[in-house]
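What follows is one structure encoded as structure tokens, with my remarks underneath.
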Amino acid sequence: QVRLVESGGGLVQPGGSLRLSCAASGSSRSIWSIYSMGWYRQAPGKERELLASFTSDGSVDYEDIVKGRFFISRDNAKNTIYLQMNSLKPEDTAVYYCNADPFSPAYPEVWGQGTLVTVSA
């Protein structure tokens, strides 16, 4: 069973930066061949929303709400993805989740436990 563990959340001032990490473990195969890895967030009272994800060929898709401010990257050897968040705004306050979306229905979708990011002066 694949397990995802996020880290790096915390309190940051508006305009600041933060980098989140998500480490995957428990897969007997390369996670990159099984899952599209990505980042979501859920603000209080709102639905969970996709921010960015890797496609099957390793390229990246960004949602418009974070284009130019947030950047997703990965370390293949460490089975880890990152989310670099710049120019943070109070409206970026949310719980950020790592997601493993399988390319095949033979595998389950996996979520991390979430990490809280609070943007406040």
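The portion of the accessible surface of the chain made up by carbon and sulfur, rounded to a whole percent, is 48 (1.4 Å probe; DNA, RNA and ligands excluded). Magnitude of the charge dipole for the chain, about its Cα centre and with charges confined to Cβ atoms of Lys, Arg (+1) and Asp, Glu (-1), is about 320 debye. All C-alpha pair distances within the range 25-73, sorted into 5 Å bins from zero, spread as 5, 19, 24, 19, 16, 10, 5, 1 percent across the bins.
Take the chain with all the other protein chains still there, run a 1.4 Å probe, and you get 52 Å² of accessible area per residue.
The listed residues Trp111, Trp39, Trp32, once ranked by accessible area (1.4 Å probe) with the largest placed first, stand as Trp111, Trp32, Trp39.
At the residue level, Thr118 shows approximately 40 square angstrom of accessible surface with a 1.4 angstrom probe and all protein chains present. Springs between Cα atoms under 10 Å define the GNM used for the chain, and in it the highest mean-square fluctuation of Ile31, Ile65, Ile81 occurs at Ile65. Taking every C-alpha pair closer than 8 Å and separated by at least 6 residues, the mean separation divided by the residue count of the chain gives a relative contact order of 37 percent.
Listed by chain and number, the lysines whose C-alpha is less than 17 Å from the C-alpha of Lys46, apart from same-chain residues fewer than 8 away, are Lys89. Between Leu116 and Lys46, the modelled labels are 1.8 nm apart [label points 7 Å from Cα along Cα→Cβ]. Taken as Cα centroids, the range 80-100 and the range 1-25 sit 7 Å apart, rounded to the nearest whole angstrom.
The values are calculated or read from the model by the stated rules, or taken from the named source; none is laboratory data. No experiment lies behind these values; they were computed from the predicted model shown. Every residue, glycine as well, gets a Cβ built from its backbone with ideal geometry; the counts of neighbours run over all protein chains shown. Heavy atoms of the whole protein, side chains included, go into the accessibility calculation; ligands, DNA and RNA do not. Shrake-Rupley method; radii C 1.70, N 1.55, O 1.52, S 1.80 Å.
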